[in-house]
Every structure is written in structure tokens, then in C-alpha cells.
1. For the chain, find the longest principal axis of its Cα atoms and tell me its angle to the long axis of helix 43-62, 0 to 90°, nearest 10.
2. Per residue and in cubic angstrom, what volume does the convex hull of the Cα atoms of the range 4-110 have?
3. Using the crude model of +1 on Lys and Arg Cβ and -1 on Asp and Glu Cβ, and no other charge, please compute the dipole size for the range 4-110 relative to its Cα centre, in debye to 20.
4. Provide the gained length on full extension for the span Met84 to Val113, in nm with one decimal, where the gain is 0.36 nm per separating residue minus the Cα-Cα distance.
5. Label points 7 Å out from Cα along the Cβ direction at Leu106 and Glu72: separation in nm?
6. Work out how much length Lys51 to Leu25 would gain on full extension: take 0.36 nm times their residue separation and subtract the Cα-Cα distance, in nm to one decimal.
7. Taking only DSSP H segments of four or more residues, each worth -39500 (n - 2.57), what value at 222 nm results for the chain once the sum is divided by all its residues, to the nearest 500 deg cm²/dmol?
8. With springs only between Cα atoms under 10 Å apart, run a GNM on the chain and tell me which of Ala59, Ala97, Ala48 wobbles the most.
Amino acid sequence: MNWHVYSIGPIDYGWHQLRTVRETLEVAAVPCEGSDPREGLDTSSSIAFLKSWESAKEAALAAGWEGGFRLEPRVFWVPDDLQMTHGFVFKQEHNGATFVASPQPLPHLAALVPA
């Protein structure tokens, strides 16, 4: 995935409103709407989600993330052509900078990136 990564100042409030990566992974394993629940868990969705999380972390590292988390990383959703797509937001341990990895450009965050 082609991530749009933003490093912005610390966000201190509202984290509880988003599911963590771990919680989202649990939901990703649940059969989707309209499927037969007897078919079991959808491991392909879980694997795809984990791969996107890994690629988002790689993109964040390239954008200056130092690799530590102050809080558990969270997932947010944005509408796309035919579906909702996920992005990630997390707070760096050192200096508390917030990193946002989005599947879509977020121009309002680009304005917050320090020069």
C-alpha cells in the first residue's frame, strides 16, 4: 500500500475512541457481513491487515518514526471508492510525536507538519 505518513505534534486526547491494532485484528478474523458463520474465521483478512500494519510501520520509519510506542497503536477508517480502508495512528515514545499513516492524503494534517 502507498502510505501517506504525517508526523505531527503530540495528540493527548481521544485515543480511547479508536480501536487498537490488536482489537481490530480480532474483528478482522470475524466472518464478514452476509457470510456463513459456520465457515469459521477469515484468516486471509487477518493476514492482509497484519501485512498492511507492517508496511505502515516501515513507511513511518522512513518518515522519522523512531520505533517506540507511548500508547498502543490505533486504527482509523476512511471511505474509499467501494469500501472503508484503514489507516494507523500512534504516538512515539520519545518526544510524544504522533504519526499518522493513511491510505489517502490528509491535507489538513500536511498543514500541521513542522517545516
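No value in this document is a laboratory result; all are computed from the given coordinates. Bear in mind that the values here come from a model prediction, so they are computed numbers and not experimental data. Ideal geometry is used to build each Cβ from the backbone, glycine not excepted, and the neighbour counts take in all protein chains shown.
1. Orientation of helix 43-62: about 10 degrees from the principal axis.
2. It comes to 108 Å³ per residue, whole-number rounded.
3. For this selection, approximately 300 debye.
4. Computed gain between Met84 and Val113 is 7.9 nm.
5. With each label placed 7 Å out from Cα toward Cβ, I get 2.0 nm.
6. Full extension from Lys51 to Leu25 adds 8.2 nm.
7. -8500 deg cm²/dmol
8. Evaluated over the chain, the most mobile residue of the options is Ala48.
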